[in-house]
Amino acid sequence: MPFSSYKQFKVEPGQIRVLDIQPARWLEDVYCELAVLTLADEPEYEALSYVWGDTRDTVPISVNGEQFNATRNLFCALRRLRHSNKPRRVWVDAVCINQNDLDERESTVQMMAEIYSLAKEVQVYIGESRVLEHVSLDEQATWDDPKRMVWHNSHSYQIRAADQPVTVVDRKGGVEDKYLWIQFHERQQCRPEKEFGDLPLIEQLRQADVGAITIISLLGHVRCLTHCLQGSSKNPIWVSALESLEHIAQKPWWSRVWVLQEVILAKDASVIYGDMVIPLSLIEDGGSTIPRHNEKDGCCLELWNQLPSRQQQQLRLFAKHTSAIESLRERHTYIRDGAERDLRLYLEQSRSRQATDARDKIYGLLGLVKDYRDDAAIYIRPSYRTSTEEVYTEFAIKMVRQQGSLRFLLSNEQKLLNTNLPSWVQNWTAPSSCDDFNDFLKLDRRFNYFCAGKDPNYSPQVLSGRALCIEGIEIDTLASTYGPFYRETDAPLLIFQLLCNVVGRKLSPNVSELDTDPMYASFASTFFGGLLASSSSGQLFNHVTYRRTRRSDAYYVQFAAHIWSGDAGFEPESNSAEMQSISRDLLTTMRNTNPRLLPEANIRTTMHWLTESFWLANHNRSFFRTAENRFGSGPPEMVAGDRIFAVRGCSMLLVLRPAETPDIEGIPRHPVYGYCYHLVGWAFLDGFMDGEALEEQSEAKGGLIPQLVRSCFARPRGRGVHRLYLV
């Protein structure tokens, strides 16, 4: 758009432009007028949440008589929002912000939270359904307003007929939800496949869309999957409804970072999907309950296991998106951990989300942080004149200084060492090693159980905004690595067999060997990453706490290996008397240790607990053997030649890779005064997780490895604490 339109409607601090979409029929051109509002006056307007789409694919619209090239996705959204009989006032970022004015962009980004929280309602345009492309232009030419089916989220919610004007809203009249549910059930039970296939394609697609929202409505109103599916999972009514659900879940809106604050801060939000208008709360309520129906001991587990894998994937994908928004909304509403922790958790939760500008990975979340003021210790003023690397580094520096420790280095990101970022700075565009945010929280909680770097309040020094000066002691050098391993593709038994070969121990030792060989206890500790998970009663692993591993956990590893090698009934696959005898001996020994630990009825639960403990520690991780024949686990990016360090102020050990000394003021050129490294990730090495390497005396104090084993993990000889520079 020419600058004249923006100059005519100049905005002052605290003001925004809004777009008045002028009334017109469906196929007519889009005409808009700009207006300026002062937010302090609490004006009435709506705000649009959408995805820009391909900036090269544009459609001209008219704004104050001048041509504006809107992206096709924005054009479709404006057309869906437009009324035929009255204007509609909406805030739309692409038009209401002068994108060529950096000062205006930066000042508006700081007001984003206020803009969306003050809007009367946020309209979420996720895209068109599959219906419109099959409607002829001749039919569309007859529309004043497009067909709309408006849903409401209440236990007696209504849905208005498609031919009623959208301006008429009556939540007390209309068709009750039960009618739609019964209609969906009857279609599954009574309509044969041939009859459904004889319907016009448009009618099939419309029924599929209604079926998809009906499923979500049923689940959101405390119904089960068994109430949704009536009869066979091959029924075309059910299959087509899940296909529509998948089509909704595949829309790029779900993957954008900006949409989080846009909908979480909204007073009210509606989702526009083609001619369907659905409360976002209904979608969240229904989608986020799906995992509760299929988890262990869930009400619909039997039905879930009978569903084809594709249908399970379709439901999981939808649940993943809705659960992510719901969990972040709950955190924003009920939990206050301090600005720095809140922002870090929001960043971790949105790692997989996209932003056109990588700086917006941070800027797009600032509005969600409570008590985020310009005097906050981690305050970052949005600036599009600053490079992405500088923004990420500035944030990392503020986090390190605010936390007064090196906890920020314990990232779950997949390290990309070929970027311009310092290796110790988190790259928020890099993917996460955790499958979802709940997995990240479980991982983050693990770090509280260790103190490899002793002093938790150690504050490092930052040199020239690029190098992190720390202190640590080198423990060992990696000789070989094994992995990475993934929950979805790797079997714990095969990993166990591989690791037994690596450490040179029997696959099936007897109980006396487990008691006398200290390496088995160390092996068990490494196998579980030093922690065994326990769950709260009822919902297994919805909430996970840990305990440190101990010597007797060697029994657990061997017991699990025997069970893994058996069939579903947990009987050893081998018929040998020796194998069966070992299993009985292990079970007897473990019960003698704790009679309540493994009652017959809980063997399956215990195995689930052990398997989860293994994967919580080792999903997307690798194992390593060092030059001095130590055995541990670390990040998948580590390679032979990397070094293991215990670093002051860091609860976990770090894997560092030697790097060239950069030309940074404060870093000495002579290695006697310090060495430069790239940070690869954090590691676990049994015998060094309680500060043993940094103890003044070679004999560790207070660790969990018995004295019999300590000689295997003595402090590295001839090495002291050095100054290290992470670059």
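Values computed for the structure shown
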{"item": "Selected residue [open to solvent by 50 Å² or more (accessible area, probe 1.4 Å), touching a strand residue (DSSP E or B) at 6+ places or on another chain (Cβ under 7 Å), modelled with pLDDT under 95 and of a type in the set (D, E)] from E628, E637", "result": "E628"}
{"item": "Enumerated helices (runs of 4 or more DSSP H) restricted to segment 31-146, each holding at least 2 residues that are open to solvent by 10 Å² or more (accessible area, probe 1.4 Å) and closer than 26 Å to A355 by Cα", "result": "72-81, 93-96, 102-118"}
{"item": "Filtered residue count, segment 380-399, keeping only those that are in contact with a Phe, Trp or Tyr (Cβ under 7 Å, 6 or more places away or on another chain) and not in a helix (DSSP H, G or I)", "result": "2"}
{"item": "Selected residue (only one of K370, K398, K361, K442 is of a type in the set (K, R), out of contact with any Ser or Thr (no Cβ under 6 Å at 6 or more places or on another chain) and buried (at least 21 other Cβ atoms within 10 Å of the Cβ))", "result": "K361"}
{"item": "Cross-chain or 6+ apart pairs with Cβ under 6 Å, segment 64-78 first and closer than 19 Å to L27 by Cβ, then assigned to a helix (DSSP H, G or I) and of a type in the set (G, A, S)", "result": "L74/A94"}
{"item": "Index of the failed condition, L343 passing every other in (1) in contact with an Asp or Glu (Cβ under 7 Å, 6 or more places away or on another chain); (2) more than 19 Å from R105 (Cβ to Cβ)", "result": "(1)"}
{"item": "Only one of L242, L201 that is modelled with pLDDT of 90 or more and open to solvent by 70 Å² or more (accessible area, probe 1.4 Å)", "result": "L201"}
{"item": "Residues of segment 12-30 classified as touching a helix residue (DSSP H, G or I) at 6+ places or on another chain (Cβ under 8 Å), part of a loop (DSSP other than H, G, I, E, B) and either modelled with pLDDT of 95 or more or over 16 Å from N98 (Cβ atoms) (or both), total", "result": "4"}
{"item": "Residues of segment 348-366 satisfying the condition of being modelled with pLDDT of 90 or more and in a helix (DSSP H, G or I)", "result": "D360, K361, I362, Y363, L366"}
{"item": "In segment 250-287, residue most open to solvent (accessible area, probe 1.4 Å) [restricted to those that are part of a strand (DSSP E or B) and of a type outside the set (A, V, I, L, M, F, W, C)]", "result": "R256"}
{"item": "W424 closer than 22 Å to L685 by Cβ, crowded, with 18+ Cβ neighbours inside 10 Å, among the aromatic types (F, W, Y) and at pLDDT 85 or above", "result": "yes"}
{"item": "Condition check for S323: within 16 Å of the chain's Cα centre (by Cα) and hydroxyl-bearing (S, T, Y)", "result": "yes"}
{"item": "Residue that is nearest to P484 (Cα to Cα) [pool: residues in segment 640-692 that are of a type in the set (D, E, K, R) and buried (at least 16 other Cβ atoms within 10 Å of the Cβ)]", "result": "D642"}
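The rows are residues; the columns are (1) at pLDDT below 85; (2) part of a loop (DSSP other than H, G, I, E, B); (3) of a type in the set (D, E, K, R); (4) under 24 Å from A627 (Cβ atoms).
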| residue | (1), (2), (3), (4) |
| --- | --- |
| L494 | no, no, no, no |
| L499 | no, no, no, yes |
| P509 | yes, yes, no, no |
| D515 | yes, no, yes, no |
| A521 | yes, no, no, yes |
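The values are calculated or read from the model by the stated rules, or taken from the named source; none is laboratory data. All of these numbers come straight from a predicted model, not from anything done at the bench. Ideal geometry is used to build each Cβ from the backbone, glycine not excepted, and the neighbour counts take in all protein chains shown. Quick note on the areas: whole protein, heavy atoms, side chains included, nothing else; ligands and nucleic acids left out. Shrake-Rupley method; radii C 1.70, N 1.55, O 1.52, S 1.80 Å.
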